[in-house]
Amino acid sequence: MDLYDVMRRTFAAREFTADPLPDDVLFTILDHARFAPSGGNRQGWRVIVVRDQRTKETLAALSGIAAKRYAAQVQLGENPWNTIVPTAADATTIERTLAPARLTEPIARAPVVLVICVDLRVVASMDQDLDRVGIVSGASIYPFAWNILLAARHEGFAGTITTLAVAQEGKVQELLGLPSYVAVCSVMPLGRPVRDLTRLRRTPVGDFAVRERWGGTPFTAPGG
Ligand SMILES: Cc1cc2nc3c(=O)[nH]c(=O)nc-3n(C[C@H](O)[C@H](O)[C@H](O)COP(=O)(O)O)c2cc1C
């Protein structure tokens, strides 16, 4: 597939066929994904390849805890797990809300699940002293995660960056024997997708890019 096609068609796959994702294909995917950028080229990524069914089910269950709050907030019309706008969902409402199966089952059902981690001892976090949630650290790991999905797409496989399990990071660290300085970044189910989505819903460039400063004129297609 042409690069632009891969970029436009790498969707979040959550349903997989019974096909295996063999180790040799997975190796090829990781062997290409490792050319991702990271701050100072420190390459702090670490990957745990999970095929054990019980481990997958535990990761799915751990994701389900954050999924309850996610779903409760969606039902209230909120942006879930946001740090700027406080939630109106109380603990009882969250506890009563069921974790949507689409957020947990892909992790239990995928032929392979990658737990993508980063060694925080090598990550430069330029925003660590700002009074807001950290963003910059993620830039040393998520380009790598995205490269995995692009390469998987190229190989006829697909998956999803999921982050719900990160809310239970201590339990994931315990489950997989991760040291405390290794952060969990994504639990990524991968497999052969049951369907091939090619038209992803995304806002047009003019809706998010402006000229010169915030509130500037939209950056639209020249001559458009
Ligand atoms: C940082 C990040 C976290 C995400 N977390 C989850 C998750 O926990 N569970 C899940 O099912 N999808 C998760 N997604 C996938 C998004 O829902 C998906 O990328 C988005 O809905 C677009 O889907 P599409 O490419 O199929 O249109 C996450 C994506 C990103 C980039």
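The values are calculated or read from the model by the stated rules, or taken from the named source; none is laboratory data. What you are looking at is a predicted structure, and each value in this text was computed from that prediction instead of being measured. Note that we place each Cβ from the backbone using ideal geometry, even for glycine, and neighbour counts take in every protein chain shown. For the accessible areas, the whole protein counts, side chains as well, though only heavy atoms, and no ligand, DNA or RNA atoms are used. Shrake-Rupley method; radii C 1.70, N 1.55, O 1.52, S 1.80 Å.
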If one builds a Gaussian network model of the chain from Cα atoms under 10 Å apart, the most fluctuating residue listed among Leu190, Leu178, Leu76 is Leu76
Among Glu78, Glu155, Glu169, the residue with the largest mean-square fluctuation in a Gaussian network model of the chain built from Cα contacts under 10 Å is Glu78
In whole percent, the fraction of accessible protein surface over the chain that belongs to carbon or sulfur atoms, probe radius 1.4 Å, stands at 54 percent
Comparing Asp19, Asp207, Asp52 in a Gaussian network model of the chain (Cα, 10 Å), the one with the largest mean-square fluctuation is Asp207
Restricted to the chain, the DSSP antiparallel beta bridge percent, nearest 5, is 95 percent
Candidate cut points under trypsin sites (Lys or Arg not before Pro) in segment 154-222, DSSP loop plus at most 16 other Cβ atoms within 10 Å of their own Cβ, are Arg195, Arg199, Arg201, Arg202, Arg211, Arg213
